[in-house]
1. Could you list, in sequence order, the residues of region 106-122 that are surrounded by 16 or more Cβ atoms within 10 Å (Cβ to Cβ) and touching a Phe, Trp or Tyr at 6+ places or on another chain (Cβ under 9 Å)?
2. Got at least one residue in region 97-105 being over 25 Å from residue 230 (Cβ atoms), open to solvent by less than 20 Å² (accessible area, probe 1.4 Å) and of a type outside the set (A, V, I, L, M, F, W, C)?
3. Looking at region 14-21, is at least one residue among the charged types (D, E, K, R) and either under 25 Å from residue 216 (Cα atoms) or outside the structural domain of residue 79 (by TED's automatic domain parsing) (or both)?
4. Among the residues of region 70-78, is there at least one that is hydroxyl-bearing (Ser, Thr, Tyr) and part of a helix (DSSP H, G or I)?
5. Taking the criterion of being surrounded by 15 or more Cβ atoms within 10 Å (Cβ to Cβ) and assigned to a loop (DSSP other than H, G, I, E, B), would at least one residue in region 28-36 satisfy it?
Amino acid sequence: MDLGDFERDNTGSCRLSSPVPELCRTEDCCLGIDEAGRGPVLGPMVYGICFCPLSKLSDLEALKVADSKTLSEAEREKLFGKLDQARGFVGWALDILSPNLISTSMQRRAKYNLNSLSHDTAMALVQLALNQGVRVTQVFVDTVGPADKYQQKLQERFPEVEVTVRPKADSLFPVVSAASICAKVARDHVVKKWKFLEDLGDLKMDYGSGYPNDPKTKLWLSQCLDPVFGFPQFVRFSWSTAQLILDGRAVPVRWEDSEEEAGGPPAAGRGSGTPSLLSYFARTQAPTERQSHRFFHERGLETVADL
């Protein structure tokens, strides 16, 4: 699994995929979808699909794939190796979504929550498999949100495919278990090799599980916070855990509009004696002559209007 592209730029998203087995282009296939890293406040979320011909399902089961959450890291690595060796009938693809992409997506002006992001990512991966020529006839999905609504959404998007959405699908359907393993192995590798763009000094990387309720994670979040610039991009700053730490420890920002609406004191530029940032962009009544930089004055250089 080559994660080089994401390691070079971990601010957005990255897609990886295996070669498509020729058998998957000629025989009806089932496809499983699962994710890893949906809940943590740290690190990326990885969506994965795995597919194989219906005639080879027994061979996939023989690999003894299981829900990745029930396996140790060593067991997941071993099973991913087996899936990779079975490339004659097994294919997979992954979308790695960075913490920065997740948080900026969720804080758009138009509402776009984590469920919507998850649904769109899953559907994009199914479409990828279809575009690559995989003869997908059945899709099995570990649900995100209400299973019936999600199933209806997928069925409307892919009417020619039989869609099954279930809670705990990664423990019910081997092809979803395989997708779960691919996603979790990729996330483990990304987290281990995360390249911090920020200078964290001597801060230790002992951040625990990365889940919001983990005391070690909360302590690490408090320690890595810059009071002005906030968290490193490893952190999903839209999570409420991160927001609470920002509110309590970061330098406060006074927003002009929100304070006036709340009936608070006048903000900068409105009776406080400090000009508003917006005032620098406001049009003046009469044009003012622009002063040249001292570089030009020191060298006796003037603007030429005409030759």
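1. If we filter region 106-122 for residues that are surrounded by 16 or more Cβ atoms within 10 Å (Cβ to Cβ), which is where we start, we get 106, 114, 117-119, 121-122.
Of everything in region 106-122, those that are surrounded by 16 or more Cβ atoms within 10 Å (Cβ to Cβ) and touching a Phe, Trp or Tyr at 6+ places or on another chain (Cβ under 9 Å) turn out to be 106, 118, 119, 121, 122.
2. No - not one qualifying residue is present in region 97-105.
3. Checked region 14-21: no residue is among the charged types (D, E, K, R) and either under 25 Å from residue 216 (Cα atoms) or outside the structural domain of residue 79 (by TED's automatic domain parsing) (or both).
4. yes
5. no
The values are calculated or read from the model by the stated rules, or taken from the named source; none is laboratory data. Worth saying up front: this structure is predicted, and the values here are computed from it rather than measured. Counting neighbours? That spans all protein chains shown, and the Cβs are built from the backbone with ideal geometry, glycine included. Surface accessibility is based on the protein's heavy atoms, side chains included, excluding ligands, DNA and RNA. Shrake-Rupley method; radii C 1.70, N 1.55, O 1.52, S 1.80 Å.
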